[in-house]
Amino acid sequence: MTVAFTVACGIGVCGAPAAAAERNASTSASLPSSAIIIDRDDRLSRDDYSRTFGLTPAAMASRFGATGLVRCGSAVGTGQLVGANNVLVTASHVLFTPGGEPRGRGADCTFEITAGGSRQKVSVDVDKVVCGAREPYGQPAVKDWAVVPLAGAVKGVKPYMPGTMQVPGNIVLAAAARSGGQEYYSLQNCQARKVTTTASSGLREVAIDCDAEGGVSGAAMLSPDGAFLGVYVGFRSAHPGKVGPFSMSHYNFGLSADGALREAITEVVTRARTLSASR
C-alpha cells in the first residue's frame with residue numbers, strides 16, 4: 001500500500017509514495033478524490049460557526065475576517081492577510097506552476113475578500129514574492145509557502161498576526177474554497193497532532209486532523225482567538241476521497257509560522273509599509 005501525497009487546491013499532484021497500512025474507512029461516493037475527511041466532515045459555514053460558539057459579527061470579523069480567495073490563472077485556492085492589509089500568505093503552488101512560472105499576473109492573479117461591507121479584489125504582485133520554492137512540487141513540502149505583497153491595501157479588515165503553534169494543540173482551519181474552484185468559506189475547530197518534519201530554519205510540517213479538499217491549499221491555521229499559526233499545504237493518504245480516522249496514512253498537513261516563513265512575513269510587511277509611507 002502506498003500513501004498518495006498531493007497539494008490540495010485541485011491544480012497539481014505530486015507523487016511521494018511511502019509504505020503505509022490503510023485502515024478501515026467508510027466510503028462516500030459524493031466526496032471529491034482530493035477530499036481528506038477525518039472521521040466526519042466537521043467544517044462549518046461562518047454563520048454556523050458564529051452561532052455554535054456564540055460569537056458576535058464583530059468578534060468573527062476580528063478573529064477570522066482576513067481569509068479570502070486566491071485566483072491565479074486557472075488555480076483557485078485560499079489566502080489571508082498577515083501582518084498588514086497588503087501582505088498575502090498562501091501556499092506557493094497556488095501561485096506557481098510545476099515549472100516555476102507564475103500562474104498569472106495583474107488581473108489574472110488576484111486576492112478576493114468581502115470586508116468592510118464590500119467585495120474587494122486586489123492584484124497579487126507575484127514578481128515580489130518571498131517563498132520557500134517557486135517549484136514546490138519537486139521540493140520538500142516545508143518549502144511550499146509564499147508571502148507576497150498586494151498591489152493595494154484591503155480596506156476594513158484586521159490582518160492576522162503571527163503566533164506560535166503548540167503541537168499537540170487546538171487550531172481553527174479557515175478556508176475560502178472547495179474542489180473545482182467553488183467559493184465556500186468554512187471554519188473548523190480541530191487539532192495539530194504531530195510534527196512530521198522540521199526544516200533547518202525551524203519551520204515545522206505538522207499533521208492535522210482537520211478536514212480539507214481542493215481549494216483549501218493556502219488556508220490559515222489559526223488559534224481560536226485568531227492568531228496566524230501556519231498555512232495548510234496538502235494531504236497524505238492511502239485512501240484519498242474516502243472517510244477515515246486520523247492516522248499517519250490518512251491526514252492533512254500544514255506548515256507552522258516559524259523560521260523562514262515568519263522571517264518572510266516580517267520582511268514583506270516591512271517592505272510594504274515602507275512603500276506605503278513613501279507614496
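The values are calculated or read from the model by the stated rules, or taken from the named source; none is laboratory data. This structure is a prediction, so every number in the text was calculated from the model and none was measured. Backbone-built Cβ (ideal geometry, glycine too); neighbour counts: all protein chains shown. Surface accessibility is based on the protein's heavy atoms, side chains included, excluding ligands, DNA and RNA. Shrake-Rupley method; radii C 1.70, N 1.55, O 1.52, S 1.80 Å.
Scan the stretch 29-53 for residues that are among the polar types (S, T, N, Q), farther than 28 Å from Trp145 by Cα and either exposed (fewer than 14 other Cβ atoms within 10 Å of the Cβ) or touching a residue at least 24 places away in the same chain (Cβ under 8 Å) (or both) and the total you get is 2. Beta carbons closer than 6 Å, at least 6 apart along the sequence or on distinct chains, pair a first residue in the stretch 151-171 that is open to solvent by 20 Å² or more (accessible area, probe 1.4 Å) with a second that is modelled with pLDDT under 95 and part of a loop (DSSP other than H, G, I, E, B) for Lys155/Gly116; Gly156/Gly116. Is the stretch 139-148 home to any residue that is modelled with pLDDT under 95 and of a type in the set (S, T, N, Q)? Looking through the stretch 139-148, at least one residue is modelled with pLDDT under 95 and of a type in the set (S, T, N, Q).
Across the stretch 54-75, which residue is least open to solvent (accessible area, probe 1.4 Å) among those that are in contact (Cβ under 8 Å) with a residue 60 or more places away in the chain and farther than 14 Å from Phe111 by Cα? Among those residues, the one meeting the criterion is Phe64. Checked against the criterion of being under 22 Å from Lys158 (Cβ atoms) and at pLDDT below 95, the candidates Ala272, Ala257, Ala219 yield just one match: Ala272.
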